[in-house]
Each structure stands twice: as structure tokens, then as C-alpha cells.
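The values are calculated or read from the model by the stated rules, or taken from the named source; none is laboratory data. Note that this is a predicted model, so its numbers are computed, not measured. Virtual Cβ from ideal backbone geometry, glycine too; neighbours counted across all protein chains shown.
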Amino acid sequence: MPTSPHSNDPRDNLGDYVLGKDGKPIVDRYGRPVRRRVTGTQPPAQRPTQRPTQYPAQRPTQYPAQRPAEPTRRYEHTRVEQPSYVPRRPPQLPPRQPEPAPAPLQVSRSRVRTAPRPPAPPRPRRRRRAPGCFSLIALLLAIAVAALVLIDARLARVDALPDERIANTAGTNWLLVGSDSRQGLSEEDIARYGTGGDLGVGRTDTIMLLHLPRSGKATLISIPRDSYVEIPGYGMDKINASFAYGGPKLLAATVEQNTGLRVDRYAEIGMGGLAGVVDAIGGVDICVTEPIQDPLANLSVEPGCQKMDGATGLGYVRTRATAQGDLDRVGRQREFLSAIVSAVTSPRVLLNPLRSIPLALALPKMFTVNTGDHIWDLARVALAMRGGIATETVPLGGFTDTEVGSVILWDDAAAEALFSSLR
């Protein structure tokens, strides 16, 4: 039976496959027959859709007439053994020498044209901060320092310490003096305070010795003005007479000689100054223990705690119209001085401009200090007294009448014991 050129059976289209010497198609390693390559314009033969399951038993005697015979080729599949992999080493190159840096290019600035720099972006504007607590405190401190310097410059000063001094003693000793001088008082003030006419320098109504130790509580000693003591160069007399004879210098020398305590600083307050300070701070609170009526001091008070103005306070510390006279007065002087210090250093005065400004104006008129003393030294006195002090009166031995009038005698042994504890 003739074979069809388009049959799917490989035996019918043997001309499309490569035949071996035995006339059978050559198969690849998978057992499939190897197809011939198509050359020229010959249309490709249709690939078999099914794998042949059986090869023809007999070789055909002839090929189809429409396909010319092609020389047979035999492809032998041989396995090529690949040599084992031997890694190759990279060639060893000589080390690279660093290249020399190029010489800087010399260019004339006149010939260099640079592009204009773009404008910088605007910086954000910082918000100004409102002055805080620190700035306010700094401002208040600056005002306080300026006020202190101004007050210190207006203080009255006098050479108050003696030329011949005793040996130095412990702590710092202030000689506090209340003068009965009427200098600086107007006619209206004299009538209000009941002080009488101008006595010039006069004598001292108040003599106190304030001892400030390096540590511990301060001690305030009252010295009665009628104390009968020896005045250098004048003999025995009342201690306040030394102020009339030689002013602050002789008074300081008399105190040093009779107490054995070296006077380091001096402060004097007059009548007008005391009353002015009391009025500037709005008065002071005083508790009166007994009624006092003294027309000479222009004073009339009843028992009980009350606020005293300048005129009443001045009469209160000057009067001797009580049972013990001068001894009662020194107690009232210490009480009144402590009340003034407590009021001056209180917040109701320091933080109130209506009180602090008049006080700053009155202080220079109130005090007379030694040439080497300043307002900040007085501030230390105020702080020491506000912190609490021990108050003493020179121990007394009795009263007697002498050529200078009625005087007060000291208890020499007790007085020496008191002064020795402070040296």
C-alpha cells in the first residue's frame, strides 16, 4: 500500500528523518527520531502529533518521488569530559604609586568672575521675652543699693573716737547716744515736742553700749546719765557731763576707761531725728504699764498697748515723771528703740513706698556717725536687735548727793563682772 506524504506514522514519512546505515532513523538520547533540517523553499513537513510506538519492520525500497534524496549523515553523540575546575589567581600587580598633588592654579582675582550669591533666606524674628522674676529682682536690688549709697552720702559724720585707745576687746562695741540738742528744730517742732529753747550741744539723755559678739546674742547695756564716774582730765562727775565738756570724743574715752570695753563705732540720734523716724514709719506700738503725766515732756498716756507718733514717743523716752526716775527711763528707752528697729525692718515698711521713701529721707537727719562708719554698719545693728538681744543696766550701788548734784553710784564688783563677760 503506498504511503501518504502527510501521514503521522513515522514509517510513512521516513524521508523526514535522519537514517542510519541500517536504514533506521537515528534517535536522540530520549529515544526520539532526529528530523532532517529543511533547506531552501521546501515547506516544512508536518510534525508528527504522536510519538511512534513501533518502528517499521522493513525498510522501504524507495523514497517518495516528490522528495529528492539527500545524503545521509550520521550524528554520533559522544560525551565530552570537562576538565576539573582550577581557579586562576589574579596577576600580582605592582603597588600603585600616589599621584602628586597638582600645583595650585594661579588665577588673577581681577579676571575671575563669580556668579552673584543668591540672597540668604530671611531669619525668623525672635520674640522678645517679657522681663521675668530674675530681672525684677535685679532691678529691685539695684534700686536698694543706689538708695543705700545715697543715704550713706547724706549721713552726718563726726570724729567720735578718742585719740588714745585702750587695747582691743572681743566683738564690736557700739556707743549709742541720744542727744538732747534742739538744733535743727523749728519753732513749730519745739512747741509740738515740748523741748524748750535751743541748748546748743547740750548733754546726753541716753547712753547705751551695744556689744555685738562674733557669734551669739548681742547685749545692750544702759548707762544712766547721772552715773558718777571719773572723766579724763575733769575728775569725778556725771557721765553725761563728758559730752558737754568734750563732745563724742571725751564721752567715748570716759566709757572706755570706766568699762574696760573698747568703743569701735559711734552713732548719735537727736530729738528731731527720733521723732521724724517714728512719723515716717507710721508710729510704733508701745505697751504702757502705768499712767504718765508730764507737762515738761508734753506727755499724757494711759496704761495699755497703743500706737505712738513721733511727739508722744519722744516724750515717752525723755520723761522721768515716774517712781524710779532715771532708772525707769533707761528701761523705756530700750523698749522704744527695740520697737523702732522692729518697725523699720518689717515688710509693712520696707515693701511700702509710702513708708520706705519718707524713712530714707529721714534717716540722714536722724543719725550722726563716726567718720569711718556707714549706713550698712547701722543695718547690722538693726538686724542684731531684731534677732533678739539681752538687755542689761549697769549694776547700781545707790544714790548720793555730791558737789555736782544727786548722782548714781555703781556696784563696782557686779559692774566689773558684767563688763568682764563681754571683753
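Within segment 212-236, being of a type in the set (D, E, K, R) and either crowded, with 21+ Cβ neighbours inside 10 Å or at positive phi (or both) holds for one residue alone: Arg225. Do we have any residue at all in segment 357-379 that's at positive phi and touching a residue at least 60 places away in the same chain (Cβ under 8 Å)? Within segment 357-379, none of the residues are at positive phi and touching a residue at least 60 places away in the same chain (Cβ under 8 Å).
Of the residues making up segment 374-399, just one is more than 19 Å from Arg214 (Cβ to Cβ) and of a type in the set (Phe, Trp, Tyr), namely Phe399. For Arg332, the test of being without any contact (Cβ under 8 Å) to a residue 24 or more places away in the chain, among the basic types (Lys, Arg) and either within 27 Å of Asp152 (Cβ to Cβ) or in the same structural domain as Ala252 (by TED's automatic domain parsing) (or both) is passed.
Conditions (1) over 46 Å from the mean Cα position of the chain (by Cα); (2) not in a loop (DSSP other than H, G, I, E, B), marked per residue:
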{"site": "Gly233", "(1), (2)": "yes, no"}
{"site": "Ala244", "(1), (2)": "yes, yes"}
{"site": "Glu256", "(1), (2)": "no, yes"}
{"site": "Arg262", "(1), (2)": "no, no"}
{"site": "Ala275", "(1), (2)": "no, yes"}
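Beta carbons closer than 6 Å, at least 6 apart along the sequence or on distinct chains, pair a first residue in segment 208-237 that is more than 19 Å from Arg262 (Cβ to Cβ) and assigned by TED's automatic domain parsing to the domain that holds Asp377 with a second that is of a type in the set (Gly, Ala, Ser) and part of a strand (DSSP E or B) for Lys217/Ala390.
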